[in-house]
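Right, one structure below, let's go through it.
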2 protein chains.
Amino acid sequence: MARTVLKFGGTSVGDLDRIANVADIVAARAEQGEQIAVVVSAMAGETNKLVALAEGAAGNGLAREQYDDEYDVVVASGEQVTAGLLALALRKRGLKARSWLGWQLKLKTNKSHGKARIMGFDDSSLPDSMDAGEIAVIAGFQGVTEDERVATLGRGGSDTSAVAVAAALNAQGCDIYTDVDGVYTTDPRMVPKARRIKKISFEEMLEMASLGAKVLQTRSVEMAMNHNVPVRVLSSFLKPGEPNPGTLVCAEEEIVEKQVVSGVAYSRDEAKITLFGMPDKPGVSAKLFAVLAQSGINVDMIVQANARGPDRANMVFTCTDRDSPFAKETLEKMKDEIGFDSMEVTRDVSKVSIIGVGMKSHTGVAETMFRALSEKNINIDVIATSEIKISVLIAAPYTELAVRALHTAFGLDAE
Amino acid sequence: MARTVLKFGGTSVGDLDRIANVADIVAARAEQGEQIAVVVSAMAGETNKLVALAEGAAGNGLAREQYDDEYDVVVASGEQVTAGLLALALRKRGLKARSWLGWQLKLKTNKSHGKARIMGFDDSSLPDSMDAGEIAVIAGFQGVTEDERVATLGRGGSDTSAVAVAAALNAQGCDIYTDVDGVYTTDPRMVPKARRIKKISFEEMLEMASLGAKVLQTRSVEMAMNHNVPVRVLSSFLKPGEPNPGTLVCAEEEIVEKQVVSGVAYSRDEAKITLFGMPDKPGVSAKLFAVLAQSGINVDMIVQANARGPDRANMVFTCTDRDSPFAKETLEKMKDEIGFDSMEVTRDVSKVSIIGVGMKSHTGVAETMFRALSEKNINIDVIATSEIKISVLIAAPYTELAVRALHTAFGLDAE
């Protein structure tokens, strides 16, 4: 029998009324004759409350490796509660259901507590239970390490759990129910003319998620792409029966009408660091980025430009705004070793990106983008491109203006 | 190395400050060179909150076997949180510590979800961890069934967890830290002259717990007696270093100065049911109590008296006040089959008991008890005795008067 995985996030299970609504949705789906596994997050607010308790108990003095495993024990309890409650709510509706915790599911992860990666399923009895007609209610966000400790997958990890379960069950799809009714061409709170996308490729969704769209966790899209699990994003706030087509994230081949540009993403959590007067000789850049990588600082865009002096260059790169003070501190300590003259950190910047698989076969996309921005007098600071996206760094106050201009320029506005 | 189990209840871990205080106590104990396992309850109020959620999700319509297993999943999360938090608080103090959940501990229980009984430990790695110098922080109240489901031990089950762990570890003792500083000769809120008992035998403590003293769960005392684990009840509200002798619950042989009567217990959760005109022939009582047992009603005191008519008797018994409406309903349905004339249910009654191993060798104890009550004009309704206790049923408004009178009559008042 066909299997489907459904996933409900924190706001969708935020209280008993919302859980009852989820039970109604699941019951309606189960009536259609599919085998259903439901992955649930903690009730909205619970995870934050548990994180605050863990931080309070540990104080400031604990190293991460002294903290993360017990943090996982505390925080994973949130999903456990929701899984039990939804199983009860389904039984109340006359359905067979049971909850599954990470260790019962045997969802094995590595030992990176707090942000563990899924290694696979180890001889789980989940398929047998589903074959016996039980709806599986799975505590998302959690797995178990080889040495039988609780591990969590990091914020948004329930999406990844859901896709991993769908892949392991060879499910026909994974439906992510959330508080929006799909993936939009851009942030609808910023651009009222944003439209729901009907179908989007894994690659585009991956770029959208990495570049700032918050609907799906990046890793879940990666996993869906690797296992070719079609993911549908749809609303948990509609009643069963109401039209709820959502957005289908699937392989590029299955999308007939390809857009040149599918969406516009933005991120405000950016900082630009400029190192003036770097020695322009082999090995210097390698040393610079090795230092940053070892410090756990994720570098995004990189540009090198000639400086005025001889054998000197200026190096520009971006990292998250959050990381920037630490990056600055790290580089200051290494100033003599790396050999730059001075450093400038600009924190009030944004990254705006256009994404579309159509770029592969269409020319003039970059030109359209740059003209649209220049017509609004928006100065481009740094540019980065991949096969299916172009990102530009601009001054933060221009973010909304840029996103709206690009949304219009690429014909994405709703009529 | 000697091992000791410490147990902290809900009010002792009620917030982060209280948990910090527990960590200080545990740290001080660990400094003395013992191997320590700590069993913790859920933070005060959490269990009630989780029970309310489970009841809310299930509604009224679910049969117990449809409810109890998922109830356990929801409710067991409370102890999980505390265990993680205390492990962090201990690490903050520079100690090696880790949390243990029921399934990690391999604390096997039967399948009576919601009130499961401990079957034993199954190849646990707990002793190895303790030998390696780690303080074990154990989520109380929970175990795991053979088919890998979460099971809870019923209210107060953390005491039982603690004693079970102590027995399995062959620990030198189990110290139950609570919000009182020991076991008292009677309820100190009712009788200001109540005294802390220094030592009490398992048998006496078992009667005290069954008869209404709320300090220890009955099953934990049973288990301590069966495995001869000395249990100390002491205060978690004192700072490390302050005198905190508590009450030692141990084998009778280890108590040199035996009291005739060690304590006075009372219970207000009582009801008396009288069946008038029962046929006075063999098999009728057996049928009556079989019916009640099958309905899950726990019958306590039983008295049969001749009735006026020929071949007729009146049967008097007690059950908990909570069960009495159901007992009434059950018996009304069986009226013709059992063959009684009429029934009376009296709910406003209390049971007052005196307990002491000294009764075995002393005469006149019952006489002293009945005289003390009669001097206060308290009418005795039903009497029940065992080797080490005498219980009487009286009208509820006389409870405090009776307890105080007996406390004085048996020389228990503090000077």
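Each other copy holds its own label point for B:ALA132; taking that point as 7 Å from Cα along Cα to Cβ, the gaps run 3.4 nm, nearest first. Computed from label points 7 Å out along Cα-Cβ, the spacing between B:GLU332 and B:ASP24 is 5.7 nm. Specify which residue in the list A:PRO397, A:VAL75, A:ALA409 is farthest towards the positive end of the charge dipole of chain A, using unit charges on the beta carbon of Lys, Arg (+1) and Asp, Glu (-1), about the Cα centre. Checking the options against the dipole of chain A, the answer is A:ALA409.
What order do you get for A:406-413, B:200-207 when each peptide is scored by the mean count of other beta carbon atoms within 10 Å, highest first?
Working: A:406-413: 19.4, B:200-207: 24.9.
Ranking the peptides A:406-413, B:200-207 by packing returns B:200-207, A:406-413.
The mean count of C-beta atoms from other chains within 10 Å of the C-beta of residues in A:49-60, rounded to a whole number, is 5. Taking one equal scatterer on every alpha-carbon of the stretch B:179-240, how large is log10 of I(q)/I(0) by Debye at q = 0.28 1/Å? Log10 I(q)/I(0), no solvent term: -1.30. Geometric descriptor of the protein assembly as shown, per residue, is 207 Å³ (volume of the convex hull of the Cα atoms). Taking the charge dipole of the protein assembly as shown about its Cα centre, with +1 at Lys and Arg Cβ atoms and -1 at Asp and Glu Cβ atoms, the residue from A:ILE380, B:LEU216, B:SER262 reaching farthest to the positive side is A:ILE380. Dipole size of the protein assembly as shown about its Cα centre, with +1 on Lys/Arg Cβ and -1 on Asp/Glu Cβ: approximately 740 debye, rounded to the nearest 20. Solvent-accessible area per residue in the stretch B:264-409 equals 50 Å², computed with a 1.4 angstrom probe and all protein chains kept. Label separation (A:LYS115 vs A:ASN377): 4.1 nm, computed from points 7 Å beyond Cα along the C-beta direction. Using a probe of 1.4 angstrom and keeping all protein chains present, the accessible surface of the stretch B:11-98 works out to 34 square angstrom per residue.
Starting from the label point of B:GLY120 at 7 Å along Cα→Cβ, the same points in the other copies fall at 3.6 nm, in ascending order. For the peptide B:9-17, the mean number of other protein chain Cβ atoms found within 10 angstrom of a residue's Cβ is 1.
For the A and B pair, go ahead and give the buried accessible area with a 1.4 Å probe, both sides summed, in Å² to 100.
On the way: alone 19600 and 19580 Å², together 35700 Å².
By this definition, chains A and B bury close to 3500 Å².
What is the calculated FRET efficiency for B:ALA293 to B:ASN228, with r their C-beta to C-beta distance and R₀ = 35 Å, to the nearest 0.05? After rounding to 0.05, the efficiency reads 0.65. With contacts taken as Cα pairs under 8 Å and at least 6 residues apart, chain B reaches a relative contact order of 14 percent. The alpha carbons of chain A occupy a box of 78, 56, 32 Å along the principal axes, longest dimension given first.
Hey, how much of the P(r) for the stretch B:294-336 falls beyond 11 Å, as a percent of Cα pairs? All intermediate terms of the calculation are to be shown ahead of the outcome.
Working: 636 of 903 pairs.
So the pairs more than 11 Å apart make up 70 percent of the total in the stretch B:294-336.
The helix-based estimate of mean residue ellipticity at 222 nm for chain A, built from -39,500 (n - 2.57) per DSSP H run of four or more residues and divided by its residue count, is -10500 deg cm²/dmol to the nearest 500. Rounded to the nearest 5, the antiparallel percentage of DSSP beta bridges internal to chain A is 60%.
When only the Cβ of Lys, Arg, Asp and Glu is charged (+1, +1, -1, -1), the dipole of the stretch A:117-207 relative to its Cα centre reaches about 780 debye. For chain A, the dipole from Cβ point charges (+1 on Lys and Arg, -1 on Asp and Glu) about the Cα centre works out to 520 debye, to the nearest 20.
For the rotation carrying B onto A, the chain B residue whose Cβ lies nearest the axis, with the distance in whole Å, reads B:SER77, 2.
Over the whole of B:117-124, what's the average partner chain Cβ count within 10 Å per residue? Rounded to a whole number, please. Present the calculation step by step, with values, prior to reporting the outcome.
Numbers: counts 0, 0, 0, 0, 0, 0, 0, 0.
The mean count of partner-chain Cβ atoms within 10 Å per residue comes to 0.
Bridges between two residues of the protein assembly as shown, per DSSP, are antiparallel at a rate of about 60%. Take B:GLU400, move 7 Å from Cα toward the beta carbon, and the resulting point lies 6.7 nm from the same point in each other copy, nearest first.
Order the peptides B:70-81, B:107-118 from the highest to the lowest mean number of other Cβ atoms within 10 Å of their residues.
Working: B:70-81: 28.1, B:107-118: 19.8.
Per-residue Cβ counts within 10 Å, averaged per peptide and sorted highest first, yield B:70-81, B:107-118.
Once neighbouring chains are kept in place and the probe is 1.4 Å, which whole percent of the accessible area of chain A is contributed by carbon and sulfur?
Taking all protein chains in place, chain A shows 47 percent carbon and sulfur surface.
The values are calculated or read from the model by the stated rules, or taken from the named source; none is laboratory data. What you see is a predicted model; the values in this text were computed from it and never measured. Positions of Cβ are backbone-derived with ideal geometry, glycine not excepted, and every protein chain shown enters the neighbour counts. Note: areas computed on protein heavy atoms with side chains; ligands, DNA, RNA excluded. Shrake-Rupley method; radii C 1.70, N 1.55, O 1.52, S 1.80 Å.
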